[in-house]
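The values are calculated or read from the model by the stated rules, or taken from the named source; none is laboratory data. This one's a predicted model, so the numbers in the text were calculated from it and none came from an experiment. Glycine gets a Cβ as well: all are built from the backbone with ideal geometry, and neighbour counts include every protein chain shown. Please note that ligands, DNA and RNA were not included when accessible areas were found on the heavy atoms of the full protein model with its side chains. Shrake-Rupley method; radii C 1.70, N 1.55, O 1.52, S 1.80 Å.
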Amino acid sequence: MAHLASRHILWSASAAVLAMVLLVAGARWCMPQEITGPVAEGGWTRRTRAAFTVAGVYGAEGDPATGLYRSWTSPGARFRFAQLPSTRAHRMWLRVRSGQSAEAPPPTVTITVNRVVVTSAIVTNDPQTIGFTVPAGSNRNVVMVDTVPSFRPGTSDPRELGVIVEEVGIAPVSGHFAPSLPVLAQTGAAVMALVLGVLLCGASGGIAVAASTVIVIAILWLLLQDAAFLGGYADSLWRISLGALVISSGVAGLRGRRTDAATGAEWQVAAGLLVGLSALKVALIWHPLAIVGDALFQVHRAQLVHAGEYFFTSVTPRPFFEFPYAIALYIAAQPLWQYFRAEADLIHLLRLLAIAVDAVAGLALYFTVRQQAAGRVTALLCAALWPLARAPMEALSNANLTNLFGQGAFAAGLAGFAWWAGRLQSSRPDTRLALTAAAEVQARRRGVGPSRLLLIIPTALLTVGFLSHFGTITVGLATLAAVVATLVTGGHGTARRAGFWLLVMTVSAASVSWIAYYSHFTSVYRGTYVRLTTGERDDTSKIVASPAVKFARWRSGVGDDYGLPGLPVLIVAGAGLGLAGWRRDRGVSTLVLSSWLLAWATLSLLGIYTPLTLRANLAAAPPFTAFCAYGITPLLRGSRPLRCLAGVLAVVIAWDGLRVAVLCLGMAPRW
């Protein structure tokens, strides 16, 4: 055991050293000669800069003249470059203008670097650049911008304003950008913690190499965006990675527990992969360039729940239908509320909870696939692909967090039921079914089915999902109806028994959700029904539009049912589904996943041909991921060219979600 621990530490330390070397090389050869751009981005995205933090600067506003963003300073504004290397000098500049009327006296801007005045200038309404130098040896890297005199726009705007900053720039006086020693140490610590966590969970061989490669590349990419290594982002990275290591260590502590062929002795490996990839998703949304999206709206609702208000409605875009807005995510955040005070911290908290539930869904999906496929490769591939599924990534990026949280809980509940039903089938083999060898051994060994008390957990998860988002309960009930109908007509006794118990779970979860929350909105339902039945068709509406318009929006991804799987995902998942049909796989887990996809197809058509607009793509991400793993696995068992093809397909499918991560950190035109 000590020898194995030493190997893990040596491997993770090697990955850390490699990451530090590559960060130096990336800063040297991949960064531009200078970093320029506005102070922040306004509007819906509300991105901030990664190279520095600000204080005493108001929110960014769009400039009608240029189409870019500008920011007003207060009389005393601060720009801080937390990790600017002290070994070299840097030149900086601000492009500013006064923004006052021509009759007002022009203000004087004084620049102070680390409490030393370096320059001052009189600022007019014409844009001008104020340049200065941060000398080598500086250790605070705080730039103060003081404006005298300041002014107040009027009674409707109580702010005290300084000047308008249109652009901030920084570049080395000579040479190139370089990370500081503390940043290199934090980068190494982050990579080492994430890699060590995956190794402690049992990853080895090709899985360990692939996981380490992904971790190193992801950390480097995040640090190089907008020169994040010059700001305080590296400090957040290693803290996130340390938390992931703690969770992975807890999972690794369970490795000595007995497992069987139905659950797979590799479940800790799957959990380690999910924890590591989820930590990278947390690092993504923690990046200053990450889209804020609807996150502030979510925070404001959570603040109302914290104050004791629990019943909300929301309104769709035109034609403005009202519907209940459930609060399970906000309730889940309350025990941790005291540790996240600022609005930015609360955004991180809500996103963190959504990512955590999504990871639980991934683990439940692993158990489902492992139970049915009886192959570690398929199940582990499913666990590795799940965190990169496109629809959940898009929901996380846009901050549709209640929907993401709800669908994660729903997916975990339905996948948990499928796992239970698969064990039920293994313990009571039907002579008409062709069971795998592992299932037959398991059936002979156990002889009895799993406890029905285990269904309490997936029922509770379904209930949480229903109480998280109105779209989850509508899509969820339709999905569960399709699954129940498929199981009841599945043709063998085990499936029918499973279908009965799923019906009981569905009625229980729906009843609790109705009594606890949705029964308070009967007048809202009546009003919405009247508007649906009497409203006029409007092609400018996202809901009441012609089928051709709605299909075009659905296909292009600009409709409300975002996250449509890309063509490679559709092809590979279709191949996996076809393979299951060709093998006459009538296992309960396969029936659940297949009917899940059938519900997606039906709901998608309803969204196009009726006023109902349901996020079926987000709901169907789990079966798409599972069948992609089914479709790729046979290639991994073939010749070397086929294995290479399988690797290419896995990367292409992963890119379906990774491209959303790239868009999440997208920049304004001049960034």
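For segment 266-307, backbone nitrogen atoms closer than 14 Å to the point 7 Å from residue 343 Cα along Cα-to-C-beta are found at 292-304. For the pair residue 534 and residue 453 in one chain, pulling the backbone fully straight at 0.36 nm per residue adds 24.4 nm over the alpha carbon distance. Among rounded, prolate and oblate, which fits segment 1-41 when a ≥ b ≥ c are the square roots of the eigenvalues of its C-alpha gyration tensor, a/c under 1.5 means rounded, and a/b larger than b/c means prolate? Since a/c reaches 1.5 but b/c is at least a/b, the shape of segment 1-41 is classed as oblate.
Residue-wise HN-Hα couplings along segment 462-477, as the Karplus relation 6.51 cos²θ - 1.76 cosθ + 1.60 with θ = phi - 60° gives them from phi, are 4, 5, 4, x, 5, 8, 9, 7, 4, x, 5, 6, 6, 5, x, 5 Hz; Gly and Pro carry x. Counting charges near residue 329 (Lys, Arg +1; Asp, Glu -1) among other residues having Cβ under 11 Å from its Cβ returns a value of +2. Suppose R0 equals 60 Å; then what is the FRET efficiency for residue 648 and residue 124 from their Cβ-Cβ distance, rounded to the nearest 0.05? In this case the efficiency is close to 0.55.
Placing +1 on the Cβ of every Lys and Arg and -1 on the Cβ of every Asp and Glu, with no other charges, gives the chain a dipole of roughly 2180 debye about its Cα centre. On a per residue basis, segment 295-382 carries 40 Å² of accessible surface, using protein heavy atoms and a 1.4 Å probe. Classified by the C-alpha gyration tensor, segment 565-604 has an oblate form. Its axis ratio a/c, with a ≥ b ≥ c, is 1.5 or above, and a/b does not exceed b/c. Cα gyration tensor of segment 147-285, axes a ≥ b ≥ c as square roots of the eigenvalues: rounded (a/c below 1.5), prolate (a/b > b/c) or oblate? The shape class here is prolate. Can you give me the angle between helix 640-664 and the longest principal axis of the chain, using Cα atoms only, in degrees from 0 to 90, rounded to the nearest 10? The angle comes out near 50 degrees. Sorting the segments 99-106, 242-249, 22-29, 224-231 by their residues' average number of neighbouring beta-carbon atoms within 10 angstrom, most packed first, yields 224-231, 242-249, 22-29, 99-106.
How many angstrom lie between the C-alpha centres of segment 335-399 and segment 637-666? If you average the Cα positions of each part, the centres end up 19 Å apart. With the simple model of a label 7 Å out from the Cα in the direction of the Cβ, residue 29 to residue 242 spans 3.4 nm.
Taking every alpha-carbon pair under 8 Å whose residues sit at least 6 apart, segment 138-293 reaches a relative contact order of 26 percent. Here the gap between residue 13 and residue 136, fully extended at 0.36 nm per residue and compared with their Cα-Cα distance, gives a gain of 41.2 nm. One entry in [x] 27.4, 93; [y] 27.7, 89; [z] 29.0, 88 is Rg and Dmax of the Cα atoms in Å calculated from the shown coordinates; its label is [x]. Surface calculation, 1.4 Å probe, protein heavy atoms: residue 570 sits at approximately 60 Å² accessible. Note on residue 602 and residue 504: with the Förster distance fixed at 25 Å, the Cβ-Cβ geometry gives a FRET efficiency of about 0.60.
Per-atom-type breakdown for the chain gives carbon and sulfur 64% of the accessible area (1.4 Å probe, protein chains only). Of 47, 555, the order by accessible heavy-atom surface (1.4 Å probe, DNA, RNA and ligands excluded), from most exposed downward, is 555, 47.
When only Cα pairs below 8 angstrom with a gap of at least 6 residues are kept, the chain shows a relative contact order of 13 percent.
Rolling a 1.4 Å probe across the protein heavy atoms gives segment 154-273 an accessible surface of 36 Å² per residue.
The residue 150 and residue 546 beta-carbon pair, evaluated with R₀ = 60 Å, returns a calculated FRET efficiency of approximately 0.65.
Rounded to the nearest 500, the 222 nm mean residue ellipticity of the chain from helices alone is -18500 deg cm²/dmol, with -39,500 (n - 2.57) taken per DSSP H run of at least 4 residues.
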